[in-house]
Amino acid sequence: MVTIDDLSLKDVTLDRLPRLKRLRELHFATRPEICVELPRNITSYMKHLDNPADSPELRAGKLYKYVMENKRPVIADENLLAGTTTARTIGVVLYPDFMALSIWPELETVSRRKKNPFGITREEIKELNFDIFPYWPDHTVQEVAKRDNGNPLCQRIMERIVFYIATKVYCISHTVPNYAMVVERGLLDILREARERELSLGGSKEARAKKDFYQAVQLSLSGVISYAANLSREAERLAAKEVDTKRRQELLEMAEVCKRVPAGRPRTFREALNAIWICKIALHQENANVALSLGRLDQVLYPFYAEDIKRGLTLAEAVELIGCFWLKIADHVPLSPETGEELFGGSGSNQAVTLGGVDMQGEDAVNDLTYAMLKATELLRLRDPNVNARYYPEVSKKEYLDRLCEVNINTGATPCFHNDASAVEVLTGQGVSLEHARDYSSVGCVEPSSSGRTYGHTGCILMNLTSALEMALWGGKHRLTEDEQIGPKTKPAVAMTSFGEFKKALETQLGWLIDQVVTLNNNLGRAHQEIHPTPMLSALMEGCMEKGKDVIYGGATYNSSGAAMIGLADVVDSVTAIQEFVFDKKKFTMAEMISAINANWSVPYKKLQAMVKASPEKFGTDSRMARANADWLIGFLHDTFQSKENYRGGKYTVGYWTMTNHAGFGALTGALPSGRMKNEPFASGITPVSGSAPVLTSCLNFVARLDHTRIADGHALNLKYTPSTTTLPRFANTIEAFFKMGGLQVQFNIIDRKTLEDARKYPEKYPDLFVRVSGYTAYFKDLNPHMQQEIITRAEYDLVTGEEQKYG
Amino acid sequence: MFDIERFISGLSMDKALERLGEKFLKSLEDETAETFLEALLAFMKIKFMFDPAYRKNIEGFRGRYQFRSRDGGVAVLVKFEDGDMKIREQTSDDVNVTVSFKDGRALMNFLLSANRDILRGLLNNEVVVAGNLNYMYKFGFMANHLQLELTGNLP
């Protein structure tokens, strides 16, 4: 319910919230440091206490109980919420059974590397090198999957980087845990349920497996409760020696909060926030935070907020608490070795928070807390959380959309906008009930997922579509891997006589690539089942308790796997250029096209390149040819992925969001038939190639009319508006119109090129400048040069003329 | 591969380390880095022999590495076992990891963090690693450590 008059909360400022101001300054002044606490605890347990005779679930339960009991309670700043992801102010968490070992060669240089260095002490380097890492070379998910499947082709292909990435080697993530369960019940109640279910089972083999699962849940949750108790004791200890009366009182209150939650049901807004935060920390010890998202916090927390407001909590105090929570969420960064930085760097943890939209009955769910959360977002301008706003045309209020636009203008890059009408249709199309579909939240970048009941691992596959295009052009070979026959042998493009023949070859290569990446994802999923069950995540996921199954065995109510496609517009434009110039107009032969791209469109081919680039037949325009090719490609990918089953019995879904991968994969890819030059970034998400879609309305029309039910893993339409032309009414109208045409999602950078160019040149002047990348937000200074260039050259529209501002 | 035993015969421990360290550094400066692998392995071996702190890296470690150049000119099997390092000019399938490289410069670019050009390595398809990548990461640490130590750049 909305009761506040001033939706912008103009009286709530950082100057009036000095704690938040100081914490924000500390956040930006702190260099991330590698923290060895988690790998130390995990390794120590595995070396000395693990019992390999136990089932995988039980081993995991015992391990995470140990991890949480031995986690240091750190209360180091004046944040009102207790608990930290690591023992550092901003920590880099290492997961030894995932990809921590990739930093091994760089341990002695990582603190001095040019881009995004991480602090680490000499002692920590020694500990990692001599004590921790040596245990793991044969025990990581990647290597277990390789060993179990005889180093299969699908895994060898991933190691060539340019074809696809299967992220299960890094994490079990990209999901929304059920935090409503935490605040409505408390962990002791969940633990009690697990105990009762365990005791009700007989002695069959199936029952024994379930018993192990329930025991694992109890063990891991008791570990979380122990950690909260340790935090409480630490707060009391600090309070005892605190001389400042106000701070002492805060610490004593913190001690009381942690005595109660997350074990018991919270009574206040602060307790509810701290309960969720402690559970988030726990989940983060079990799994790398790669888009471990927060869901609909304005809905989950509203009852506590509303009660506290009745008891006298002010809006400013509520915003301060939310701000403290937002800063906690930003207390870690993902590990990234040099190669990762070079190709894909700059990403945060992509923890999405979802605001607004409709409730399970389809009624407007925007409330006062939605606006308080928007205010905290506007004041802090942090990379994480990634704020996603839901809007239902003709159900949500216009003033809500205006406020969302205002926050986007003021922050330059957040929130992003989701169309409830389309997202609900997407989810019901995948078998989600209407009520559950309406209760969706965004995962990671943009992926719609029914909150707290779906394990969709929505980012488990990142596939470079242009690699299939390359193989279609060169009979199954790729320019990067030279003479190796990677894909199936298809007729080389130079010998093709019709456009249909070319499309068929592309389908063959795409189909083969999809087979490979799905096989790999399933292999890795089975490796998770063998060595990395997730009792804590399972305890907080609807369906697992009822089925007596861990999330990774299909315990969640809904199961799927999400594949994000990279390079959509570049491939559509390339296919369309081949159709138009080689087969329809016969302006040049396929052999000439191949020579042109092999020569990177250099001098003899400049005229051809200009002709191709000037063609209006492009993704994001009124072109029927490009639309038909886009529809065909999206349809083919959807149908092929949907025909596959994942290792949990769920379906594969396809999305078009790219994080920074469009720049990384682009840097590895040669020139394309679209006129794109070698190494240039691909267009991001579902966005047209910069310079190819000069008219905003055509661009919006094109994307809105794509069949979003075949884009079930979400899409990111990334647009840039010139700030001086972006007035609230114009801005809001473009979104409203896009959504009424059926558009699924859109996001904006409201920033001009001049500022971005200056930030690239003088990063020290812009320490907190953040931008929308493709789905999530990132600090511009942290992005690699390819990605910075892509953001700078990304199409920028003037909202007065509705046309693209030319670059250069 | 050159004969390490002969190279250091008659030299004191310090002198042997110094001479092979110089050889390793020199291989880094060479334009083609043709002798990089040979110099790296030789210096690594002598460090394991004479430097107990460095030897700690391979205590209790068993690992088999195959290095081979794309043109077939180099094929070296490196075995770590019981705190010892053995270098043989031979090929074997019984290894933890195989590294195929275009040339010495490419291998150097792949292994050593300092002045690395990651993109160039990837774009030129310079090094292909097959097998257990974690073994490669460990080897990468040991190689980088040597360079950092010799150039006075250890943290």
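The values are calculated or read from the model by the stated rules, or taken from the named source; none is laboratory data. Quick caveat, the model's predicted, so the values are computed rather than measured. So basically every Cβ, Gly included, is an ideal-geometry build from the backbone, and we count neighbours across all protein chains shown.
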Where A:Leu401 falls short, out of the listed (1) surrounded by 22 or more Cβ atoms within 10 Å (Cβ to Cβ); (2) part of a loop (DSSP other than H, G, I, E, B); (3) hydrophobic (A, V, I, L, M, F, W, C): (2)
Looking at this structure, is A:Ser111 of a type in the set (Gly, Ala, Ser) and either over 27 Å from the mean Cα position of the chain (by Cα) or not in a helix (DSSP H, G or I) (or both)? yes
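Could you tell me which residue of region B:50-92 is surrounded by the fewest Cβ atoms within 10 Å (Cβ to Cβ), considering only residues that are among the aliphatic types (A, V, I, L, M) and within 20 Å of B:Phe36 (Cα to Cα)?
B:Ala75
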Go through region B:102-123 and report how many residues are within 8 Å of chain A (Cβ to nearest Cβ) and within 23 Å of A:Leu107 (Cβ to Cβ). 7
Flag for B:Met49 being in contact with a helix residue (DSSP H, G or I) (Cβ under 7 Å, 6 or more places away or on another chain), of a type in the set (A, V, I, L, M, F, W, C), under 25 Å from A:Asn129 (Cα atoms) and away from every other protein chain (no Cβ under 14 Å): no
From the residues in region A:104-138 that are over 20 Å from B:Tyr54 (Cβ atoms) and at the interface with chain B (Cβ under 8 Å from one of its Cβ atoms), which one is surrounded by the most Cβ atoms within 10 Å (Cβ to Cβ)? A:Trp136
Would you mention how many residues in region A:1-37 are within 28 Å of the chain's Cα centre (by Cα), in a helix (DSSP H, G or I) and surrounded by 15 or more Cβ atoms within 10 Å (Cβ to Cβ)? 7
Could you grab me the full set of residues in region B:57-99 that are over 14 Å from the mean Cα position of the chain (by Cα) and part of a strand (DSSP E or B)? B:Glu81, B:Asp84
Taking region A:92-116 and the residues there that are of a type in the set (Asp, Glu) and in contact (Cβ under 8 Å) with a residue 60 or more places away in the chain, the one that is farthest from A:Ile42 (Cα to Cα) would be A:Glu106
Could you grab me the full set of residues in region B:1-32 that are of a type in the set (Asp, Glu), closer than 23 Å to B:Leu148 by Cα and not in a loop (DSSP other than H, G, I, E, B)? B:Asp14, B:Glu18, B:Glu22, B:Glu29
If B:Leu154 satisfies all but one of (1) at the interface with chain A (Cβ under 8 Å from one of its Cβ atoms); (2) buried (at least 20 other Cβ atoms within 10 Å of the Cβ), what's the number of the condition it fails? (2)
Number of the exception - A:Ala704 against (1) within 14 Å of another protein chain (Cβ to nearest Cβ); (2) surrounded by fewer than 21 Cβ atoms within 10 Å (Cβ to Cβ); (3) aliphatic (A, V, I, L, M): (1)
Any chance A:Val366 is out of contact with any His (no Cβ under 6 Å at 6 or more places or on another chain), of a type in the set (A, V, I, L, M, F, W, C) and either at pLDDT below 95 or not in a helix (DSSP H, G or I) (or both): yes
Matching residues in region A:160-182 - criterion: being within 20 Å of A:Ser442 (Cβ to Cβ) and among the β-branched types (Val, Ile, Thr): A:Thr167, A:Ile172, A:Thr175, A:Val176, A:Val182
Quick one: A:Arg390 ticks every box in (1) farther than 13 Å from A:Leu297 by Cα; (2) of a type in the set (D, E, K, R); (3) part of a strand (DSSP E or B) bar one, so which box is it? (1)
Among the residues that make up region B:129-143, is at least one of them within 13 Å of A:Glu108 (Cβ to Cβ), at pLDDT 90 or above and more than 7 Å from chain A (Cβ to nearest Cβ)? yes
Restricted to region A:139-175 and to residues being at the interface with chain B (Cβ under 10 Å from one of its Cβ atoms) and either assigned to a loop (DSSP other than H, G, I, E, B) or touching a Cys at 6+ places or on another chain (Cβ under 9 Å) (or both), the residue nearest to A:His284 (Cα to Cα) is A:Thr140
Going through A:Val603, A:Val612 one at a time, which residue ends up being modelled with pLDDT of 95 or more, of a type in the set (Val, Ile, Thr) and over 23 Å from A:His174 (Cβ atoms)? A:Val612
Only one of (1) crowded, with 24+ Cβ neighbours inside 10 Å; (2) among the charged types (D, E, K, R); (3) at pLDDT below 95 is not met by A:Asp768, so which one is it? (1)
Do we find that A:Lys678 is in a loop (DSSP other than H, G, I, E, B) and in contact (Cβ under 8 Å) with a residue 24 or more places away in the chain in this structure? yes
Being small (Gly, Ala, Ser), within 18 Å of A:Gly666 (Cα to Cα) and in contact with a Gly (Cβ under 6 Å, 6 or more places away or on another chain) is the filter here, so list the residues in region A:771-808 that pass it. A:Ser774
Condition check: free of Cβ contacts under 8 Å to residues at least 60 places away in the same chain and either touching a strand residue (DSSP E or B) at 6+ places or on another chain (Cβ under 7 Å) or surrounded by fewer than 16 Cβ atoms within 10 Å (Cβ to Cβ) (or both). Does A:Ser615 satisfy that? no
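Could you check region A:228-277 and list, in sequence order, the residues that are in a helix (DSSP H, G or I) and among the hydroxyl-bearing types (Ser, Thr, Tyr)?
A:Ser232, A:Thr245
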Counted residues, region A:489-509 - those being closer than 12 Å to A:Ile578 by Cα, assigned to a helix (DSSP H, G or I) and without any contact (Cβ under 8 Å) to a residue 24 or more places away in the chain: 2
Could you pull out the residue among A:Asp631, A:Asp550, A:Asp570 that is within 28 Å of the chain's Cα centre (by Cα), farther than 30 Å from A:Tyr647 by Cβ, of a type in the set (D, E, K, R) and buried (at least 22 other Cβ atoms within 10 Å of the Cβ)? A:Asp570
Number of the exception - A:Ala671 against (1) farther than 19 Å from A:Gly459 by Cβ; (2) within 14 Å of chain B (Cβ to nearest Cβ); (3) crowded, with 24+ Cβ neighbours inside 10 Å: (3)
In region A:319-358, what residues are under 18 Å from the mean Cα position of the chain (by Cα), farther than 17 Å from A:Ala82 by Cα and in a strand (DSSP E or B)? A:Val333, A:Ala352, A:Val353, A:Thr354, A:Leu355
Residue pairs meeting the criteria (Cβ under 7 Å; at least 6 apart or on separate chains; first in contact (Cβ under 8 Å) with a residue 60 or more places away in the chain and over 22 Å from A:Glu320 (Cα atoms), in region A:232-251; second surrounded by fewer than 16 Cβ atoms within 10 Å (Cβ to Cβ) and not polar (S, T, N, Q)): none
